[in-house]
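**Student:** Below you'll find the structure I mean.
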2 protein chains.
Amino acid sequence: MRLLITTYILGITFLGFSQQDSAFIRNVYNEALSHGKSYEDLRSLCKDIGARITGSAEAEMAVKWGEQKMKEYNFDKVYLQEIQVPHWERGTKEAGWIKLKNGELNKVSLLALGGSIGTNGILEGEVIEFSTLEQLRNLKSNKTTQGKIIFINQPMDEQQINTFKAYGGCWPVRGLGAIESSQLGAKAVLIRSLGLPLDEHPHTGGMYYVDSVEKIPAAALSTLDAEKLSVLLSKGDKVNFVLEMDCRDYPDATSYNVIGELTGAENPNNIITFGGHLDSWDTGEGAHDDGAGIVHSLEALRILKEMDYTPKNTLRVVFFMNEENGNRGGESYATLVKERTHEKHIAALESDRGGFAPRGFSCDGTDEQVAFLESMEHYFTAYDLHVFEKGYGGVDIGPLKKVVDGIPLFGFVPDSQRYFDFHHAPSDVFENVNKRELELGCAAIASFLYLLDQKL
Amino acid sequence: MRLLITTYILGITFLGFSQQDSAFIRNVYNEALSHGKSYEDLRSLCKDIGARITGSAEAEMAVKWGEQKMKEYNFDKVYLQEIQVPHWERGTKEAGWIKLKNGELNKVSLLALGGSIGTNGILEGEVIEFSTLEQLRNLKSNKTTQGKIIFINQPMDEQQINTFKAYGGCWPVRGLGAIESSQLGAKAVLIRSLGLPLDEHPHTGGMYYVDSVEKIPAAALSTLDAEKLSVLLSKGDKVNFVLEMDCRDYPDATSYNVIGELTGAENPNNIITFGGHLDSWDTGEGAHDDGAGIVHSLEALRILKEMDYTPKNTLRVVFFMNEENGNRGGESYATLVKERTHEKHIAALESDRGGFAPRGFSCDGTDEQVAFLESMEHYFTAYDLHVFEKGYGGVDIGPLKKVVDGIPLFGFVPDSQRYFDFHHAPSDVFENVNKRELELGCAAIASFLYLLDQKL
């Protein structure tokens with residue numbers, strides 16, 4: 001009998017808490033959908049600031065923008081963490097042509113890959129196509145490639161339902177194509193853009209060189225131009241490519257992570273870090289990547305503040321700088337965390353998969369941490385979220401694993417279908433973000449932070 | 001021991017079937033994503049045909065388009081069902097102005113509601129605003145409304161997570177606003193468009209008159225113009241509205257449902273009906289509403305045919321005519337079903353909620369039928385579908401309930417967040433449909449039809 005009564009009391013208590021949590025979450029959604037600031041904030045970040053690669057004036061203005069927004073929303077603390085960031089510029093010359101045997105020129109849409117060297121004037125060479133990076137790697141000699149321009153025409157796998165898996169499978173083409181092509185004696189490398197649709201937008205993105213291999217210029221063609229080049233090559237005639245790019249590296253620049261906090265009332269030194277990255281590539285407006293993650297995070301804390309929520313633990317939003325070409329922001333933040341020995345870091349969350357309709361959250365953590373995540377699903381059923389599973393956290397929060405033993409990293413998971421229409425492309429602009437989808441993401445993240453704060 | 005062995009064998013058999021089904025579904029998705037025709041078919045329906053309200057030349061060309069497509073894809077039978085449809089035309093004159101006290105005119109974006117009478121020349125009247133239809137209904141006398149133009153500025157409820165619920169709550173404003181306003185002596189009614197975003201696109205849609213109440217003209221303002229008019233009225237000055245529309249009804253026209261079949265090998269007289277509606281409103285291109293449902297259905301059967309699938313039961317795709325302003329296609333198809341006493345109708349499925357990323361299926365049926373639907377969920381987990389629940393079927397298949405006892409009606413459920421950005425508006429064009437999202441819908445529907453055919 002004693003046991004039964006205890007169970008009953010516990011049952012009521014649990015129910016009470018659960019209803020209170022559900023009501024809180026409903027209010028979070030109402031605030032986001034009826035009085036949300038995220039869409040206007042994203043417009044401002046995209047239009048008043050624009051594309052913001054590290055080292056650019058826009059990146060520095062984005063820091064001021066972020067700091068000002070956090071102050072405007074009356075977060076308890078707002079401060080900057082100074083960091084050193086890579087500084088690469090696209091320059092003013094960037095053009096490419098397919099040149100047929102008869103001299104006919106066809107201008108293409110291309111973008112230098114981020115970090116590429118320039119061509120030092122006009123570069124021309126015969127094109128040799130590989131359908132995949134694997135095919136290039138299987139080449140036994142450099143007889144057919146020496147002095148040529150290698151063209152890797154590997155498409156993303158459209159049959160993957162989660163487009164991030166398709167991206168993961170194709171990423172080495174962009175990341176390692178220049179190294180692999182240079183090793184085969186090529187004088188430049190062209191890749192098919194890592195984008196799913198057939199369209200005219202080239203997609204840039206990070207790439208690597210290694211000291212032991214000569215650097216060669218690297219650029220991405222739009223998927224339509226990649227198809228066109230491939231068709232011309234399939235006819236068997238010699239096809240040349242003409243390329244000029246004056247992109248180059250500059251010395252590292254000073255920049256900042258922008259940090260804001262609501263101080264925890266019970267455990268001010270217990271920290272829940274969350275955020276996105278403030279930098280973007282230098283094309284488009286960085287709307288989905290990662291303007292969305294920035295305003296998701298900003299709005300989540302604004303909503304909690306607006307609702308007069310006093311967190312138990314300190315909720316710390318970080319606008320990370322330099323995710324795209326160095327992750328210096330993420331690495332530097334981890335250093336700061338390591339230095340602050342009085343702080344206890346209990347969780348981190350990142351939004352860097354676009355501003356689309358929310359599907360759930362993933363957890364890079366132990367089985368127990370994943371089970372904790374799964375236990376939250378029922379709060380979100382009414383909001384159409386159903387992905388609560390083991391998975392990736394985020395690039396910016398990744399380095400925290402090295403400095404905080406056992407910290408669970410959570411990733412916000414929106415619908416992935418349209419992300420690689422826009423990723424790193426001129427089309428990643430404010431107009432391609434939907435207001436409701438963005439707001440629902442803010443509400444999901446604010447609700448999730450609330451639950452982390454209450455239940456961790 | 002006997003029991004154990006039997007269970008074991010049954011276990012293996014079940015597993016075998018399940019793996020076969022899963023492999024089939026994977027192939028369906030591969031075909032849709034790598035060799036799909038749906039996006040090009042939708043482009044053709046939107047651009048080669050265009051908006052296609054019943055009675056228009058475009059609606060008749062859409063019939064020919066649908067018949068030709070079904071023949072091109074080699075369905076076993078392709079035929080037309082002749083029906084009579086309403087014929088309303090917007091006419092050439094359609095314009096409205098807010099007129100301030102000082103005579104200043106502000107042109108607005110508006111659309112006559114479908115079925116509205118015209119204004120018979122220029123109509124001018126003082127505007128009186130109601131914030132909701134309920135507020136208008138609560139009016140005790142017609143003292144303030146007699147001879148006025150009533151403006152019902154009721155927004156859709158943005159806090160509803162499922163936007164169809166918000167639409168349902170607001171639908172009477174459009175459907176019944178003219179009747180209710182006329183009963184209060186108004187000479188015309190203006191409504192705020194049933195659309196969620198604040199933008200310049202007015203949304204048309206069906207409305208009712210009743211014989212006992214004088215007909216008055218009815219039009220929808222864009223949400224931005226509704227806000228503007230409301231702000232001007234809130235200043236307290238008299239505001240007039242000037243309106244001219246020459247829309248009107250014509251005698252019924254002849255049109256057709258377009259029907260195609262793959263004949264069932266085991267039970268040719270067992271019929272699974274599925275489809276969408278071929279007609280659209282006369283603005284935009286009817287891309288999401290319901291071009292998407294048309295190509296979803298067409299492509300689903302094409303995929304099954306392409307995969308050499310021989311159905312057990314007859315799979316019958318129907319392109320219904322006149323869903324938007326009469327549902328004569330749906331009613332007439334039910335009549336045909338009733339007449340064909342040799343046929344046994346075992347299920348029906350409709351896609352009429354847009355071409356967005358699939359979320360699942362709903363079932364208008366018994367608890368047992370809903371449980372059957374729920375049992376299918378595990379086949380779709382890998383494809384990110386999770387809604388398998390009791391719910392609505394569709395307008396076109398709805399009349400089947402009256403003629404087939406106990407038939408389960410299924411509705412395809414895509415993500416709802418963006419639907420009411422475009423619904424019945426000039427912005428419902430091909431460019432606002434995403435290729436992958438559309439293709440994933442086709443694959444989900446083809447897979448679902450396969451499972452219905454195998455398991456019902």
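**Student:** Can you tell me which condition A:Ser193 does not meet? The list is (1) touching a Pro at 6+ places or on another chain (Cβ under 7 Å); (2) surrounded by fewer than 19 Cβ atoms within 10 Å (Cβ to Cβ), and all the others hold.
**Tutor:** Unmet for A:Ser193, out of (1) touching a Pro at 6+ places or on another chain (Cβ under 7 Å); (2) surrounded by fewer than 19 Cβ atoms within 10 Å (Cβ to Cβ): (2).
**Student:** If you don't mind, there's one more thing I want to ask. Test A:Ala348 against the stated conditions and say whether it is out of contact with any Pro (no Cβ under 6 Å at 6 or more places or on another chain), closer than 30 Å to A:Glu94 by Cβ and either in contact (Cβ under 8 Å) with a residue 60 or more places away in the chain or not assigned by TED's automatic domain parsing to the domain that holds A:Arg418 (or both).
**Tutor:** Values: out of contact with any Pro (no Cβ under 6 Å at 6 or more places or on another chain): yes; closer than 30 Å to A:Glu94 by Cβ: no; either in contact (Cβ under 8 Å) with a residue 60 or more places away in the chain or not assigned by TED's automatic domain parsing to the domain that holds A:Arg418 (or both): yes.
Criteria not met by A:Ala348.
**Student:** Only one residue in B:Asp405, B:Asp396, B:Asp428 is more than 14 Å from chain A (Cβ to nearest Cβ), in a loop (DSSP other than H, G, I, E, B) and farther than 27 Å from B:Thr263 by Cβ, so which one is that?
**Tutor:** Only one candidate qualifies: B:Asp428.
**Student:** List pairs: first in the stretch B:89-118 and closer than 13 Å to B:Phe241 by Cβ, second of a type in the set (Ser, Thr, Tyr), Cβ under 8 Å, 6+ apart or cross-chain?
**Tutor:** Sorted first by the residue in the stretch B:89-118, then by its partner, the pairs are B:Val108/B:Ser222; B:Leu110/B:Ser222.
**Student:** Keeping to the stretch A:33-79, report how many residues are in a loop (DSSP other than H, G, I, E, B) and either away from every other protein chain (no Cβ under 14 Å) or closer than 18 Å to A:His277 by Cβ (or both). Write out each step before concluding.
**Tutor:** Initially, the stretch A:33-79 is screened for residues in a loop (DSSP other than H, G, I, E, B), giving A:36-37, A:50-56, A:73-76.
Going one step further and asking which of them are either away from every other protein chain (no Cβ under 14 Å) or closer than 18 Å to A:His277 by Cβ (or both), we end up with A:37, A:50-56, A:73-76.
Qualifying residue count for the region: 12.
**Student:** Among (1) within 14 Å of another protein chain (Cβ to nearest Cβ); (2) surrounded by fewer than 19 Cβ atoms within 10 Å (Cβ to Cβ), there is one condition A:Gly441 misses while meeting the rest; what is its number?
**Tutor:** Status for A:Gly441: all satisfied but (2).
**Student:** Another question, then. Which of the following residues is without any contact (Cβ under 8 Å) to a residue 40 or more places away in the chain, out of contact with any Gly (no Cβ under 8 Å at 6 or more places or on another chain) and surrounded by fewer than 23 Cβ atoms within 10 Å (Cβ to Cβ): A:Glu124, A:Glu129, A:Glu158?
**Tutor:** None of the others qualify; the one that does is A:Glu158.
**Student:** Let me ask another. Picking from A:Glu214, A:Glu227, A:Glu244, which residue would you name as being part of a loop (DSSP other than H, G, I, E, B), of a type in the set (D, E, K, R) and over 23 Å from the mean Cα position of the chain (by Cα)?
**Tutor:** A:Glu214
**Student:** Just wondering, is there one or more residues in the stretch B:243-252 that are surrounded by 18 or more Cβ atoms within 10 Å (Cβ to Cβ), in contact with a helix residue (DSSP H, G or I) (Cβ under 6 Å, 6 or more places away or on another chain) and either more than 14 Å from chain A (Cβ to nearest Cβ) or of a type in the set (Val, Ile, Thr) (or both)? Before the answer, list the steps.
**Tutor:** Going through the stretch B:243-252, the residues surrounded by 18 or more Cβ atoms within 10 Å (Cβ to Cβ) turn out to be B:243-245, B:247.
From what is left, the residues that are in contact with a helix residue (DSSP H, G or I) (Cβ under 6 Å, 6 or more places away or on another chain) are none.
No.
**Student:** Now, a different point. Kindly evaluate A:Ala382 against the criterion of being crowded, with 24+ Cβ neighbours inside 10 Å, more than 14 Å from the chain's Cα centre (by Cα) and under 30 Å from A:Asn30 (Cβ atoms). So that I can check it myself, show each step before the final result.
**Tutor:** Details: crowded, with 24+ Cβ neighbours inside 10 Å: no; more than 14 Å from the chain's Cα centre (by Cα): yes; under 30 Å from A:Asn30 (Cβ atoms): yes.
The answer is no for A:Ala382.
**Student:** Among the candidates A:Ile179, A:Ile216, single out the residue that is modelled with pLDDT of 95 or more, β-branched (Val, Ile, Thr) and either touching a strand residue (DSSP E or B) at 6+ places or on another chain (Cβ under 6 Å) or in the same structural domain as A:Ser427 (by TED's automatic domain parsing) (or both).
**Tutor:** A:Ile216
**Student:** If we keep just the residues of the stretch B:144-167 that are over 26 Å from A:Val28 (Cβ atoms) and among the hydrophobic types (A, V, I, L, M, F, W, C), which is nearest to the other protein chains (Cβ to nearest Cβ)?
**Tutor:** The initial filter retains those residues of the stretch B:144-167 that are over 26 Å from A:Val28 (Cβ atoms), namely B:144-153.
Among the residues that remain, those that are also among the hydrophobic types (A, V, I, L, M, F, W, C) are: B:149-152.
Details: B:Ile149: 29, B:Ile150: 26, B:Phe151: 22, B:Ile152: 20 Å.
Top of the filtered list is B:Ile152.
**Student:** Out of B:Tyr208, B:Tyr256, I need the residue that is in a loop (DSSP other than H, G, I, E, B) and among the aromatic types (Phe, Trp, Tyr). Which one?
**Tutor:** Answer to the check: B:Tyr208.
**Student:** From the list B:Ser141, B:Ser109, B:Ser116, which one is under 19 Å from B:Ser280 (Cα atoms) and more than 14 Å from every other protein chain (Cβ to nearest Cβ)?
**Tutor:** B:Ser116
**Student:** Taking only the stretch A:230-241 into account, find how many residues are part of a loop (DSSP other than H, G, I, E, B), surrounded by fewer than 16 Cβ atoms within 10 Å (Cβ to Cβ) and either of a type in the set (Val, Ile, Thr) or in contact (Cβ under 8 Å) with a residue 60 or more places away in the chain (or both).
**Tutor:** Narrowing the stretch A:230-241 to residues part of a loop (DSSP other than H, G, I, E, B): A:235-239.
From what is left, the residues that are surrounded by fewer than 16 Cβ atoms within 10 Å (Cβ to Cβ) are A:235-238.
Remaining after also requiring either of a type in the set (Val, Ile, Thr) or in contact (Cβ under 8 Å) with a residue 60 or more places away in the chain (or both): A:237-238.
Total meeting the criteria: 2.
Conditions (1) more than 14 Å from chain B (Cβ to nearest Cβ); (2) surrounded by 24 or more Cβ atoms within 10 Å (Cβ to Cβ); (3) at pLDDT below 95; (4) more than 17 Å from A:Leu409 (Cβ to Cβ), marked per residue:
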position	(1), (2), (3), (4)
A:Met321	yes, yes, no, yes
A:Arg340	yes, no, no, yes
A:Lys344	yes, no, no, no
A:Pro358	no, yes, no, yes
A:Glu377	no, no, no, yes
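For every residue, the table says whether it meets (1) farther than 23 Å from B:Met61 by Cβ; (2) surrounded by fewer than 24 Cβ atoms within 10 Å (Cβ to Cβ); (3) among the β-branched types (Val, Ile, Thr); (4) not assigned by TED's automatic domain parsing to the domain that holds B:Gly55.
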| site | (1), (2), (3), (4) |
| --- | --- |
| B:His277 | no, no, no, no |
| B:Gly284 | no, no, no, no |
| B:Ile294 | no, no, yes, no |
| B:Met307 | yes, yes, no, no |
| B:Lys312 | yes, yes, no, no |
| B:Leu315 | yes, no, no, no |
| B:Gly326 | no, yes, no, no |
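The values are calculated or read from the model by the stated rules, or taken from the named source; none is laboratory data. None of these values were measured; they are calculated from a predicted model. Neighbour counts run over all protein chains shown; Cβ positions are idealised from the backbone, glycine included.
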